[in-house]
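Down below is the structure, laid out as C-alpha coordinates.
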Amino acid sequence: MKSNHVIINGYRHIAYNPDITTESELIEKSESFHTWLDKRRSVRDFSDKHIPKEVIENLIKSASTAPSGAHKQPWTFCAISNPQLKTKIRKEAETEEKESYENRMSERWKKDLEPLATDMHKPFLEVAPWLIIAFKKVYELGENNEKHNNYYVNESIGIACGMLISAIHNAGLVTLTHTPSPMNFLAKILDRPSNERAFLLLPVGYPKTPAYVPDLKRKNLDEMTVFYE
Ligand code: IYR
(Lines give C-alpha, C1' and ligand atoms only; values in the text may rest on other atoms or scores of the structure.)
Protein backbone atom coordinates (compact mmCIF):
# COMPACT_ATOMS: atom_id res chain seq x y z
CA MET A 1 0.00 0.00 0.00
CA LYS A 2 1.24 3.48 -0.84
CA SER A 3 2.37 5.35 2.25
CA ASN A 4 0.60 8.64 2.90
CA HIS A 5 3.57 10.13 4.64
CA VAL A 6 7.31 10.62 4.19
CA ILE A 7 10.12 11.46 6.59
CA ILE A 8 12.15 14.59 5.76
CA ASN A 9 15.01 15.71 8.05
CA GLY A 10 13.67 13.18 10.53
CA TYR A 11 10.22 14.80 10.61
CA ARG A 12 6.98 13.33 9.38
CA HIS A 13 5.39 15.03 6.37
CA ILE A 14 1.87 14.09 5.33
CA ALA A 15 0.34 14.22 1.86
CA TYR A 16 -1.49 17.48 1.16
CA ASN A 17 -4.96 16.90 -0.23
CA PRO A 18 -5.70 19.66 -2.72
CA ASP A 19 -9.20 20.56 -3.89
CA ILE A 20 -9.20 19.45 -7.51
CA THR A 21 -10.47 22.24 -9.75
CA THR A 22 -10.79 22.71 -13.47
CA GLU A 23 -9.71 25.98 -15.08
CA SER A 24 -13.30 27.17 -15.41
CA GLU A 25 -13.94 26.34 -11.74
CA LEU A 26 -10.82 28.34 -10.85
CA ILE A 27 -12.19 31.37 -12.64
CA GLU A 28 -15.66 30.96 -11.17
CA LYS A 29 -14.41 30.40 -7.59
CA SER A 30 -11.87 33.23 -7.63
CA GLU A 31 -14.47 35.62 -9.02
CA SER A 32 -17.22 34.69 -6.60
CA PHE A 33 -14.79 34.91 -3.65
CA HIS A 34 -13.86 38.43 -4.70
CA THR A 35 -17.52 39.44 -5.08
CA TRP A 36 -18.25 38.13 -1.57
CA LEU A 37 -15.13 39.62 0.05
CA ASP A 38 -15.73 42.98 -1.61
CA LYS A 39 -18.96 43.27 0.40
CA ARG A 40 -16.95 43.50 3.63
CA ARG A 41 -16.91 46.95 5.16
CA SER A 42 -15.46 48.38 8.35
CA VAL A 43 -18.57 49.15 10.38
CA ARG A 44 -18.67 51.49 13.38
CA ASP A 45 -22.35 51.16 14.30
CA PHE A 46 -22.94 47.95 16.21
CA SER A 47 -26.02 46.23 17.59
CA ASP A 48 -25.71 44.91 21.14
CA LYS A 49 -27.42 41.63 20.13
CA HIS A 50 -25.97 38.57 21.89
CA ILE A 51 -23.49 36.37 20.03
CA PRO A 52 -22.75 32.89 21.45
CA LYS A 53 -19.25 32.24 22.75
CA GLU A 54 -18.99 29.25 20.38
CA VAL A 55 -19.09 31.62 17.41
CA ILE A 56 -16.16 33.60 18.79
CA GLU A 57 -14.26 30.36 19.42
CA ASN A 58 -14.77 29.33 15.80
CA LEU A 59 -13.65 32.74 14.52
CA ILE A 60 -10.47 32.57 16.58
CA LYS A 61 -9.77 29.01 15.42
CA SER A 62 -10.07 30.27 11.83
CA ALA A 63 -7.60 33.11 12.53
CA SER A 64 -5.20 30.59 13.98
CA THR A 65 -5.03 28.67 10.69
CA ALA A 66 -2.80 31.51 9.43
CA PRO A 67 0.76 30.74 8.37
CA SER A 68 3.38 32.02 10.84
CA GLY A 69 7.17 32.30 11.10
CA ALA A 70 8.57 28.81 11.82
CA HIS A 71 4.99 27.87 12.73
CA LYS A 72 5.40 29.54 16.12
CA GLN A 73 1.84 30.94 16.02
CA PRO A 74 2.95 34.03 17.95
CA TRP A 75 -0.48 35.22 19.05
CA THR A 76 -2.97 35.37 21.89
CA PHE A 77 -6.55 36.43 21.23
CA CYS A 78 -8.35 37.93 24.22
CA ALA A 79 -12.12 37.76 23.75
CA ILE A 80 -14.04 40.07 26.05
CA SER A 81 -17.78 40.15 26.71
CA ASN A 82 -17.53 41.27 30.37
CA PRO A 83 -19.35 44.64 30.52
CA GLN A 84 -17.13 46.11 33.26
CA LEU A 85 -14.00 45.31 31.27
CA LYS A 86 -15.51 46.72 28.08
CA THR A 87 -16.37 49.95 29.91
CA LYS A 88 -12.84 50.18 31.29
CA ILE A 89 -11.35 49.61 27.83
CA ARG A 90 -13.64 52.23 26.27
CA LYS A 91 -12.72 54.77 28.93
CA GLU A 92 -8.98 54.32 28.52
CA ALA A 93 -9.15 54.09 24.72
CA GLU A 94 -11.11 57.35 24.59
CA THR A 95 -8.58 59.03 26.87
CA GLU A 96 -5.78 58.08 24.44
CA GLU A 97 -7.88 58.97 21.40
CA LYS A 98 -8.74 62.41 22.85
CA GLU A 99 -5.04 63.10 23.29
CA SER A 100 -4.34 61.80 19.77
CA TYR A 101 -7.05 63.82 18.04
CA GLU A 102 -6.23 66.96 20.03
CA ASN A 103 -2.44 66.84 20.19
CA ARG A 104 -0.74 63.86 18.53
CA MET A 105 -2.23 63.62 15.04
CA SER A 106 -1.17 66.09 12.37
CA GLU A 107 -3.70 68.32 10.61
CA ARG A 108 -2.99 66.43 7.39
CA TRP A 109 -3.76 63.10 9.09
CA LYS A 110 -7.06 64.42 10.45
CA LYS A 111 -7.91 65.77 6.99
CA ASP A 112 -7.20 62.31 5.52
CA LEU A 113 -9.64 60.81 8.04
CA GLU A 114 -12.47 63.26 7.32
CA PRO A 115 -14.19 61.00 4.73
CA LEU A 116 -14.35 58.24 7.37
CA ALA A 117 -16.05 60.46 9.98
CA THR A 118 -14.02 59.05 12.87
CA ASP A 119 -13.56 60.92 16.12
CA MET A 120 -12.40 60.34 19.69
CA HIS A 121 -15.69 58.72 20.74
CA LYS A 122 -15.69 54.91 20.64
CA PRO A 123 -19.16 53.73 21.74
CA PHE A 124 -18.67 50.45 19.83
CA LEU A 125 -16.23 49.37 22.55
CA GLU A 126 -19.21 49.03 24.90
CA VAL A 127 -22.03 48.27 22.47
CA ALA A 128 -20.49 45.38 20.52
CA PRO A 129 -21.14 42.12 22.38
CA TRP A 130 -17.52 41.00 21.99
CA LEU A 131 -14.13 42.66 21.68
CA ILE A 132 -11.32 40.51 20.33
CA ILE A 133 -7.88 41.90 21.07
CA ALA A 134 -5.03 40.29 19.15
CA PHE A 135 -1.77 40.29 21.08
CA LYS A 136 1.50 39.51 19.32
CA LYS A 137 4.02 37.43 21.23
CA VAL A 138 7.35 39.13 20.59
CA TYR A 139 9.02 36.08 22.10
CA GLU A 140 7.83 32.89 23.78
CA LEU A 141 8.16 32.40 27.53
CA GLY A 142 9.39 28.93 28.54
CA GLU A 143 8.52 27.00 31.69
CA ASN A 144 11.26 28.72 33.69
CA ASN A 145 10.59 32.11 32.15
CA GLU A 146 13.39 31.68 29.60
CA LYS A 147 12.89 33.46 26.27
CA HIS A 148 12.46 31.52 23.00
CA ASN A 149 12.55 33.25 19.62
CA ASN A 150 9.55 34.00 17.46
CA TYR A 151 10.01 35.09 13.85
CA TYR A 152 8.23 37.51 11.50
CA VAL A 153 5.84 38.29 14.32
CA ASN A 154 4.20 41.33 12.67
CA GLU A 155 3.67 39.49 9.40
CA SER A 156 2.28 36.45 11.21
CA ILE A 157 -0.22 38.26 13.38
CA GLY A 158 -1.15 40.60 10.53
CA ILE A 159 -2.09 37.62 8.36
CA ALA A 160 -3.98 35.99 11.27
CA CYS A 161 -5.95 39.20 11.80
CA GLY A 162 -6.76 39.34 8.07
CA MET A 163 -8.10 35.83 8.26
CA LEU A 164 -10.05 36.70 11.42
CA ILE A 165 -11.64 39.66 9.64
CA SER A 166 -12.60 37.37 6.73
CA ALA A 167 -14.04 34.79 9.15
CA ILE A 168 -16.12 37.51 10.84
CA HIS A 169 -17.44 38.62 7.44
CA ASN A 170 -18.18 35.02 6.48
CA ALA A 171 -20.28 34.59 9.64
CA GLY A 172 -22.43 37.57 8.60
CA LEU A 173 -21.02 39.74 11.38
CA VAL A 174 -19.06 42.98 11.20
CA THR A 175 -15.90 44.38 12.71
CA LEU A 176 -13.61 47.35 12.64
CA THR A 177 -9.81 47.45 12.88
CA HIS A 178 -9.46 49.71 15.88
CA THR A 179 -5.95 50.82 16.83
CA PRO A 180 -6.04 53.17 19.79
CA SER A 181 -2.56 54.55 20.08
CA PRO A 182 -0.60 53.90 22.23
CA MET A 183 -2.23 50.57 23.08
CA ASN A 184 -0.23 49.46 26.10
CA PHE A 185 -3.18 50.14 28.42
CA LEU A 186 -4.78 46.97 27.00
CA ALA A 187 -2.03 44.64 28.27
CA LYS A 188 -2.36 46.30 31.69
CA ILE A 189 -6.16 46.02 31.91
CA LEU A 190 -6.06 42.40 30.77
CA ASP A 191 -3.02 41.53 32.88
CA ARG A 192 -1.08 40.06 29.94
CA PRO A 193 2.43 38.64 30.39
CA SER A 194 5.57 40.63 29.48
CA ASN A 195 6.02 38.93 26.07
CA GLU A 196 2.66 40.11 24.71
CA ARG A 197 1.93 43.41 22.95
CA ALA A 198 -1.51 44.54 21.82
CA PHE A 199 -1.64 44.54 18.01
CA LEU A 200 -5.25 45.13 16.99
CA LEU A 201 -8.64 45.52 18.66
CA LEU A 202 -11.61 44.10 16.78
CA PRO A 203 -15.15 44.72 18.07
CA VAL A 204 -17.38 41.91 16.79
CA GLY A 205 -21.15 42.03 16.43
CA TYR A 206 -24.14 42.45 14.18
CA PRO A 207 -24.39 45.82 12.47
CA LYS A 208 -26.95 48.25 13.83
CA THR A 209 -29.93 48.63 11.48
CA PRO A 210 -29.37 50.79 9.62
CA ALA A 211 -25.58 51.13 9.80
CA TYR A 212 -23.98 53.69 7.52
CA VAL A 213 -20.52 53.33 6.01
CA PRO A 214 -18.58 55.84 3.92
CA ASP A 215 -19.14 55.59 0.17
CA LEU A 216 -15.58 54.49 -0.60
CA LYS A 217 -14.15 53.10 -3.82
CA ARG A 218 -11.46 50.44 -3.85
CA LYS A 219 -8.47 50.67 -6.19
CA ASN A 220 -8.88 49.17 -9.66
CA LEU A 221 -6.63 46.29 -10.59
CA ASP A 222 -4.49 48.47 -12.88
CA GLU A 223 -3.87 50.96 -10.05
CA MET A 224 -2.30 48.32 -7.83
CA THR A 225 -1.05 45.51 -10.05
CA VAL A 226 1.90 45.05 -12.38
CA PHE A 227 2.05 41.86 -14.40
CA TYR A 228 5.39 40.56 -15.70
CA GLU A 229 4.44 37.84 -18.22
N1 IYR B 1 -6.98 55.44 15.91
C2 IYR B 1 -7.87 56.57 15.66
C3 IYR B 1 -7.54 57.29 14.39
C4 IYR B 1 -7.67 56.57 13.12
C5 IYR B 1 -6.56 56.42 12.34
C6 IYR B 1 -6.64 55.82 11.10
I7 IYR B 1 -5.00 55.72 9.93
C8 IYR B 1 -7.86 55.31 10.65
O9 IYR B 1 -7.95 54.70 9.40
C10 IYR B 1 -9.00 55.46 11.42
C11 IYR B 1 -8.90 56.09 12.67
C12 IYR B 1 -9.33 56.14 15.71
O13 IYR B 1 -9.60 54.95 15.85
O14 IYR B 1 -10.21 56.98 15.62
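The values are calculated or read from the model by the stated rules, or taken from the named source; none is laboratory data. Keep in mind it's a predicted model, so treat the numbers as computed, not measured. Cβ: placed from backbone, ideal geometry, glycine included. Neighbour counts: every protein chain shown. These accessible areas exclude ligands, DNA and RNA; they are computed on the full protein's heavy atoms, side chains included. Shrake-Rupley method; radii C 1.70, N 1.55, O 1.52, S 1.80 Å.
Key figures
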item	result
C-alpha center-to-center spacing [the range 84-123, the range 47-83] in angstrom	25
His5, His178, reordered so the largest accessible area comes first (probe 1.4 Å)	His5, His178
Per-residue SASA entry for Asp112, accessible area with 1.4 Å probe, Å² rounded to 10	110
Links that overshoot a 23 Å alpha carbon limit, given the list Lys147/Lys188; Lys39/Lys91; Lys86/Lys122; Lys61/Lys217	Lys39/Lys91; Lys61/Lys217
Gaussian network model of the chain, Cα within-10 Å springs - most flexible of Asn103, Asn150, Asn82	Asn103
Sites His169 and Ile27 - FRET efficiency at Förster radius 35 Å, r taken between beta-carbons, to 0.05	0.95
The range 108-179: chymotrypsin sites (Phe, Trp or Tyr not before Pro) falling in loop per DSSP and having at most 12 other Cβ within 10 Å	Tyr151
Stokes-Einstein translational diffusion, the chain - Kirkwood Rh over all Cα pairs, 1.306 mPa s, 10 °C, in µm²/s	78
Within the range 1-83, trypsin sites (Lys or Arg not before Pro) in DSSP loop having at most 16 other beta-carbon neighbours inside 10 Å	Lys2, Lys39, Arg40, Arg41, Lys49
Tilt relative to the chain, helix 23-37 - C-alpha long axis, 0 to 90 degrees, to 10	20
In degrees, nearest ten, helix 53-63 long axis to first principal axis of the chain (Cα)	60
GNM result for the chain, Cα springs below 10 Å: residue of Ala134, Ala93, Ala70 fluctuating most strongly	Ala70
Counted charge near Glu25, where neighbours are those whose Cβ lies closer than 12 Å (Asp, Glu -1; Lys, Arg +1)	-3
Carbon and sulfur %, accessible surface of the chain computed with the full protein complex present, 1.4 Å	53
Total formal charge among the other residues, if their Cβ is under 14 angstrom from that of Lys98, Lys/Arg +1 and Asp/Glu -1	-2
DSSP bridge orientation in the chain - percent antiparallel, rounded to nearest 5	95
Ellipticity estimate at 222 nm from DSSP helix runs (n ≥ 4, -39,500 (n - 2.57)) divided over the chain, nearest 500	-10500 deg cm²/dmol
Degrees separating the helix 83-99 axis from the principal Cα axis of the chain, which is the longest one	70
Average accessible surface area per residue within the chain, 1.4 Å rolling probe, Å²	68
Separation of the Val138 and Val55 label points, Cα + 7 Å toward Cβ, nm	3.5
Selected from Glu114, Glu96, Glu140 as most flexible by GNM, with the chain as the system and alpha-carbon contacts under 10 Å	Glu114
Positive minus negative residues near Ala198 (Lys, Arg vs Asp, Glu; Cβ under 11 Å)	+3
